1. So which residues in region 151-161 are away from ligand 2 (no atom under 13 Å from the Cβ) and either buried (at least 18 other Cβ atoms within 10 Å of the Cβ) or at pLDDT 95 or above (or both), if there are any at all?
2. If you scan region 10-32, which residues turn out to be farther than 22 Å from residue 357 by Cα and touching a helix residue (DSSP H, G or I) at 6+ places or on another chain (Cβ under 6 Å)?
3. Considering (1) on the phi < 0 side of the Ramachandran plot; (2) part of a loop (DSSP other than H, G, I, E, B); (3) in contact with a helix residue (DSSP H, G or I) (Cβ under 7 Å, 6 or more places away or on another chain), say which one residue 301 fails and leave the rest.
4. Could you list, in sequence order, the residues of region 67-78 that are over 15 Å from the mean Cα position of the chain (by Cα) and either free of Cβ contacts under 8 Å to residues at least 40 places away in the same chain or farther than 12 Å from residue 34 by Cα (or both)?
5. Closer than 18 Å to residue 42 by Cα and at pLDDT 95 or above: is that true of residue 310 in this structure?
6. Would you be able to say whether some residue in region 306-316 is surrounded by fewer than 16 Cβ atoms within 10 Å (Cβ to Cβ), more than 30 Å from residue 68 (Cβ to Cβ) and touching a residue at least 12 places away in the same chain (Cβ under 8 Å)?
7. Against the conditions (1) surrounded by 18 or more Cβ atoms within 10 Å (Cβ to Cβ); (2) within 30 Å of residue 369 (Cβ to Cβ); (3) within 15 Å of ligand 2 (Cβ to nearest atom); (4) without any contact (Cβ under 8 Å) to a residue 40 or more places away in the chain, where does residue 223 fall short? Just the number, please.
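The values are calculated or read from the model by the stated rules, or taken from the named source; none is laboratory data. In this text, all values refer to a predicted model and were calculated from it rather than measured experimentally. Because the Cβ atoms are built from the backbone with ideal geometry, glycine has one as well, and the counts that use them run over all protein chains shown.
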Ligand SMILES: Nc1ncnc2c1ncn2[C@@H]1O[C@H](COP(=O)(O)OP(=O)(O)OP(=O)(O)O)[C@@H](O)[C@H]1O
Ligand SMILES: [Mg+2]
């Protein structure tokens with residue numbers, strides 16, 4: 001079964017939902033959102049809106065019951081309701097069992113290990129005190145990375161611990177610790193899959209991180225890696241998609257170390273920040289691809305039209321309150337710059353407020369434009 005004449009429901013209406021709705025609009029495809037506040041980025045582009053908490057059973061169940069196909073823009077949703085909806089005949093993509101694995105970093109790591117995907121070695125702790133005790137006992141090697149199992153996003157919930165002096169930086173809660181990978185490059189590969197099992201992989205991208213906030217600030221496409229690593233990364237992404245047995249998109253975050261070993265860091269079963277450039281730089285955007293996949297339509301070509309750099313427009317570190325944007329016009333004067341603002345009323349330190357994609361046949365020229373954009377656009381309160 002496939003088709004356009006389906007009612008799509010999305011749990012969460014942030015910037016990912018907004019860009020999904022814009023892609024849906026090209027096909028005049030109805031798309032409805034469940035979100036906690038009526039003032040959400042996807043709002044102006046939605047066919048319908050239901051106010052409710054996507055973490056609770058009842059709102060998810062009632063919203064989903066009126067949809068043909070249900071999807072997500074965030075993993076932290078009520079999967080009990082999704083299981084029930086699936087049993088009652090609603091298409092749920094990604095399938096709830098996979099979501100349950102992915103939304104808990106610990107369960108996700110166990111899944112990666114069980115299926116033989118290379119991932120940094122890890123160990124679980126029930127809380128930060130037990131971890132601190134293990135450190136005192138001398139049984140933990142530095143440096144390591146502490147990750148909270150469920151509450152993290154955008155680098156919150158992740159702490160790099162260099163030595164005993166850093167013990168005070170430990171995050172409170174159930175966690176895992178991972179061996180620290182000396183990262184040469186961080187890569188991301190997004191793959192799509194429909195109900196027929198057809199898959200399509202976007203070209204791997206390189207991600208650059210904001211050291212302070214531990215979150216992606218910039219991506220470069222195509223990644224500057226040799227053809228062998230590229231093939232390996234793409235193959236691993238497809239195998240993961242098949243192991244999770246999901247339809248829609250899977251973004252696979254990877255580390256490449258100096259020895260050219262690839263590790264899976266984590267996955268996200270939905271459109272992803274590392275695919276925003278595809279709107280302008282690929283034959284098919286990740287958002288249209290997600291729609292094609294969940295509606296069981298033929299997947300689009302993922303071919304690159306142009307090399308590109310994408311920069312996240314983050315809230316200035318010392319500003320919190322109603323957002324003001326500086327420097328936008330200067331950036332719009334440059335050739336090949338595409339500006340996306342998410343319409344979030346309030347800015348917070350490092351909050352994702354928008355992004356800019358730069359197309360240029362010369363990737364270094366695109367990088368210079370990205371530098372200029374990062375220096376020029378300021379989002380303050
Ligand atoms: N084992 C590791 N070794 C070295 N650096 C790491 C390791 N694990 C995580 N990091 C760094 O921390 C960043 C954030 O980690 P991770 O992706 O697990 O967290 P997150 O908060 O879920 O991320 P996001 O929501 O931004 O994708 C990574 O992209 C990487 O830069
Ligand atoms: Mg991550």
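1. Passing the criteria: 159, 161.
2. 10, 31
3. The failed condition is (3).
4. Result: 68, 69, 78.
5. No, not satisfied.
6. Taking region 306-316 as the starting set, the residues that turn out to be surrounded by fewer than 16 Cβ atoms within 10 Å (Cβ to Cβ) are none.
No.
7. (3)
Yes/no matrix, rows are residues, columns are (1) within 16 Å of ligand 1 (Cβ to nearest atom); (2) in contact with a helix residue (DSSP H, G or I) (Cβ under 8 Å, 6 or more places away or on another chain); (3) within 24 Å of residue 120 (Cβ to Cβ):
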{"position": "205", "(1), (2), (3)": "yes, yes, yes"}
{"position": "208", "(1), (2), (3)": "yes, no, yes"}
{"position": "218", "(1), (2), (3)": "yes, yes, yes"}
{"position": "239", "(1), (2), (3)": "no, no, yes"}
{"position": "254", "(1), (2), (3)": "yes, yes, yes"}
{"position": "266", "(1), (2), (3)": "yes, yes, yes"}
{"position": "278", "(1), (2), (3)": "no, yes, no"}
{"position": "288", "(1), (2), (3)": "no, yes, no"}
